[in-house]
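The values are calculated or read from the model by the stated rules, or taken from the named source; none is laboratory data. Since the model is a prediction, treat every value here as computed from it, not as a measurement. Cβ placement follows ideal geometry from the backbone for every residue including glycine, while neighbour counts extend to all protein chains displayed. To get the accessible areas, we keep the full protein, side chains included, count just its heavy atoms, and leave off ligands, DNA and RNA. Shrake-Rupley method; radii C 1.70, N 1.55, O 1.52, S 1.80 Å.
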Amino acid sequence: MTTDFIALKVDYTVDRTIAVLRQEAGDAESIYYLYVLDDLGHLVGVVTLRSLIVASPDRKLGEIMSTRVISVTVDEDKGAAADLFVKYRFRALPVVDAEGVMKGIITVDDVLEAVAPDIGR
């Protein structure tokens, strides 16, 4: 898991979000998905880059985000995460604690290294 992800707010406009991405994208491991958090850090939605690009600059993330977010918890085993990657063909999964506070992301590369460390060596 990495804690390098871009956290955004529901009331950010598409235009502001793109400005944030330009500023912070270099520090993030992956920006396949954009994670929308409330003021307490709870994961409340996800926006794909495609959705962001095709949306009007003045639309708010709360209007374009998906609230049906699939995530794993910090104490879930690697097999459960791997199953979700296979089932939904995700490139990254958010990791939350028991209260739904976002802690980081797991990428598909992380899962492959964990479940099959000797492949490709």
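Remarks
- Ranked by the mean number of other Cβ atoms within 10 Å of their residues, highest first, the peptides 92-102, 49-59 come out as 92-102, 49-59.
- Set of aspartates and glutamates with alpha-carbon distance to K78 below 19 Å, sequence-local pairs under 8 removed: D97, D109, D110, E113, D118
- Residue-normalised accessible area of the chain, expressed per residue, 1.4 Å probe, Å²: 61
- Dipole-positive endmost among I70, P57, V20 within the range 2-83 (Cβ charges, Cα centre): P57
- In this label model, A80 and R16 are separated by 3.4 nm, measuring between points 7 Å along each Cα→Cβ vector.
- The chain - charge dipole about Cα centre, Lys and Arg +1 at Cβ, Asp and Glu -1, debye rounded to 20: 560
- Over the chain, the fraction of Cα-Cα pairs per 10 Å bin, rounded to whole percents and listed from the shortest bin up, is 13, 44, 32, 10, 1.
- Global geometry of the range 39-100, whether rounded, prolate or oblate, following the gyration tensor of its Cα atoms and the 1.5 cut on a/c: oblate
- Average Cα contact separation per residue, the chain, under 8 Å, 6 or more apart, as relative contact order %: 27
- Antiparallel %, DSSP beta bridges [both residues in the chain], to 5: 75
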